[in-house]
Structure formats: C-alpha cells, structure tokens
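The values are calculated or read from the model by the stated rules, or taken from the named source; none is laboratory data. Being a predicted model, the structure only gives us computed values, none of them experimental. Glycine gets a Cβ as well: all are built from the backbone with ideal geometry, and neighbour counts include every protein chain shown.
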Amino acid sequence: MHIASRTTRFAKYSLWLVFLIQVAFPCTDSFAQETPLTAGQTVAVHIFGIPADEAAIVSISYQIGDSGDIRFPYIKPVHAAGLKPSELARKIEEAYKAADIFSRPTVNVMTEEGAMRQVTLGGNVVSQGMIRYHDGMSLYVAILTAGGYNEFAKKEAKILRDGNIFEYRMKEIEKDPRKDPLLRPGDIVTVR
C-alpha cells in the first residue's frame, strides 16, 4: 500500500509538472500560423516511424528548388512551393509509402525560422510532434511536455542531433536526474 501511495503521488506530481510546463511554455497552433512555402525557402523535415539510421539520412534540411520541387533520398522530387508545411508533410508521407520505401512514416515539416527554437518528439509518447524549446530544457522535461510515455514505451530514448544519434535509458535518468541530458533547438527525440 505504501508503494501504491508513492506511485499515486508521483503520478499527481508528474501531471502538475506537465501542466506547469505547458502554462509556462505554451505551444502555438502551428496549423493556424502556416503560410505557403516558396521556391528558395529552406525547410527542416523530420521523419518518424522509420529506422534510426534512415532517419539520420532523410531527416535534414532541404531547399525548395527554383522549380518548386524538393529532392528527397529514395523518391522522385516532391512539389513543395505553394503548399503549407503540414500539406507538404502529408505529400512526403504519401510519396514514401507509394514508392514502398517506408510503410508508415510520420513526417513533420517546418520552416527553418520555426525549427530554430523547436524540439521534435516522436515514438512512444502521448503527443508526438514539435514543442517549443526553452533554455535548459532536458530530455525528461521534453518527454513530460509531450504528455509522458504511452503504454508501449520501454523508456528508452534517442536524440538525433546534427546527424549523430545519442541513446539514453530513461529509467536510469529517473533514478538519477543528473544524467538527464540537455536538449538543443532542432533536436529530434524518439522514445521507444
């Protein structure tokens, strides 16, 4: 019974922490602020639901060519000019599925301006997507901001940063918060 009460208290404190983080660092509705993309613009593309080594290859920044197209690895060019970032994301997902490259990719697209102060979370968290980065944000805080782990999580996380992958066991971080790494704007976090 003592363990159950501690677990209940931890759950309540975790919910309060998530609430306080969301109030202190609210995320804006990205769809409401989307503007159509133009030729010459650079976008950051993050693809989830694919092997980590493939994500390191395809989850990078791309420039929209003069023709309005973007050239992605493994697929034909995708026309981006005139589309909103969320529309381009769906189009990229469809192109990878149609080419039988990735069966269930989840794509996030953001302009370079928006990517500069965002962290992207995917995998086994309650709410996948982009969250606003703030100075001093740690991996564990980012996961809590995304609603915490979902029921399938093994409590392992990977950070993709500048083409490098860093792996963490969240159970160890929960036991010793000093091991909780700080994130950087533009990091991509995948929780398993």
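Observations on the model:
- Near pairs, Cβ below 7 angstrom, 6+ apart or cross-chain, from segment 68-85 (modelled with pLDDT under 95) to any residue that is acidic (D, E): K84/E34; P85/E34
- Residue count, segment 165-192 (criterion: outside any loop (DSSP other than H, G, I, E, B) and free of Cβ contacts under 8 Å to residues at least 24 places away in the same chain): 8
- The number of residues in segment 109-132 being in contact with a Pro (Cβ under 8 Å, 6 or more places away or on another chain) and crowded, with 20+ Cβ neighbours inside 10 Å comes to 5.
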